[in-house]
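The values are calculated or read from the model by the stated rules, or taken from the named source; none is laboratory data. On a predicted model such as this, the values are computed, not experimentally measured, just so you know. Neighbour counts run over all protein chains shown; Cβ positions are idealised from the backbone, glycine included.
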Amino acid sequence: MIKINILSVYLISFVQKLTKMKRFYFIFLFLWTGIIGAQSSHYSTKDNLSIGADLMSRYIFRGMDIGASPSIQPNLTYTTGKFNIGLWGAYTLNKFTTQEADIFITYNVNNQVSLTLTDYFFPSETDSYNYFDYKNDTTGHLFEGNLTYTGQDKFPIQCLIAVNFYGSDAIRLNSDGSKKSIQYSTYAEIRYPFKYIDAFIGANLTKANTDLGETGFYGNDIGIINLGLTAHKEVKVSSTYSLPMSLSFITNPQSGKVFLVFGLSL
């Protein structure tokens, strides 16, 4: 355990020098030491490793069409104690679109409340990129913090609020057109699961100043951007395995878009 922690500190120091990180060095440290800590305790019977992939006819993220193509979404989650540490990606069949590779850590405060830190990264298949670039003006990373509440069995409502706090968020401009800061784009969602169908509604809570030329991350105005239903079903393949399937009807009232998305989970 001690040797592993010393190795993690050394590697973080190396990455810091490599990327010349300053302000957000602690985020990389938090992500890495969380993963190392999970790996070092893998003998616990309470720990769990989950590996899978979703095959989606379209990748829709909070009412936004990402990639305009079918999407393969691999995922890995390691659970230890109150922490979930994981990797998640989205790779479209259209190679000319932006892909996605994320790292996340979730702390489950209790059965109802959880806190998640996500490092979103969007590598481009057509342009060169540097995963280890964390500079404020050039990084392709986007850091988000979110708070999730899940109700109890009698009223299993799910509530989420998420805030972008560093990286490639939409830009806030000064009156002269120069960069002021990021917009700290904020998204809120309420979801209610019924027996076979989940109903959801999500809203953009950040307004862009279009008079200055700003454009928002989720949209230019405060309002509903993610409204719809998701149906779930498991198809029995054998006596020991069933294939989870989903079908989502998703609308974005702010942009006027509609999507019908089919998915398989492996």
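Among the residues of segment 193-213, write down those that are aliphatic (A, V, I, L, M) and assigned to a strand (DSSP E or B).
I197, A199, I201, A203, listed by residue number.
Does D169 fit the bill of being at pLDDT below 95 and either outside the structural domain of T116 (by TED's automatic domain parsing) or part of a loop (DSSP other than H, G, I, E, B) (or both)?
no
Working carefully through the options L243, L247, find the one that is out of contact with any Gly (no Cβ under 7 Å at 6 or more places or on another chain) and exposed (fewer than 14 other Cβ atoms within 10 Å of the Cβ).
After ruling out the rest, the residue left standing is L243.
Residues in segment 181-194: is at least one touching a Pro at 6+ places or on another chain (Cβ under 6 Å), in the same structural domain as T150 (by TED's automatic domain parsing) and modelled with pLDDT of 95 or more?
yes
Would you check which residues across segment 93-115 are under 19 Å from N164 (Cα atoms) and out of contact with any Asp or Glu (no Cβ under 8 Å at 6 or more places or on another chain) and list them?
Residues satisfying the conditions are E100, A101, I105, T106, Y107, S114, L115.
Is it the case that segment 88-95 has a residue that's part of a strand (DSSP E or B) and out of contact with any Gly (no Cβ under 9 Å at 6 or more places or on another chain)?
yes
Could you list, in sequence order, all residues of segment 219-258 that are within 23 Å of T92 (Cα to Cα), in contact with a Lys or Arg (Cβ under 6 Å, 6 or more places away or on another chain) and either assigned to a loop (DSSP other than H, G, I, E, B) or not polar (S, T, N, Q) (or both)?
M245 - this is the single residue of segment 219-258 that is within 23 Å of T92 (Cα to Cα), in contact with a Lys or Arg (Cβ under 6 Å, 6 or more places away or on another chain) and either assigned to a loop (DSSP other than H, G, I, E, B) or not polar (S, T, N, Q) (or both).
So which of G263, G216 is part of a strand (DSSP E or B) and either surrounded by 15 or more Cβ atoms within 10 Å (Cβ to Cβ) or in contact with a His (Cβ under 7 Å, 6 or more places away or on another chain) (or both)?
G263
So is Y131 of a type outside the set (G, A, S), touching a Phe, Trp or Tyr at 6+ places or on another chain (Cβ under 7 Å), farther than 28 Å from H232 by Cβ and in a loop (DSSP other than H, G, I, E, B) or not?
So Y131 fits the description; yes.
Taking segment 71-125, which residues are under 18 Å from Y59 (Cα atoms), over 16 Å from the mean Cα position of the chain (by Cα) and surrounded by fewer than 17 Cβ atoms within 10 Å (Cβ to Cβ)?
L93, N94, K95, F96, S124, E125
Looking for whichever is surrounded by 14 or more Cβ atoms within 10 Å (Cβ to Cβ), charged (D, E, K, R) and in the same structural domain as R62 (by TED's automatic domain parsing) here; the options are D221, D198, D211. Which one fits?
D198 is the lone residue from the list that is surrounded by 14 or more Cβ atoms within 10 Å (Cβ to Cβ), charged (D, E, K, R) and in the same structural domain as R62 (by TED's automatic domain parsing).
Select from segment 47-83 the residues that are in a strand (DSSP E or B) and among the acidic types (D, E) and write down the one among them that is nearest to V113 (Cα to Cα).
Restricting to residues being in a strand (DSSP E or B) and among the acidic types (D, E), the top hit is D54.
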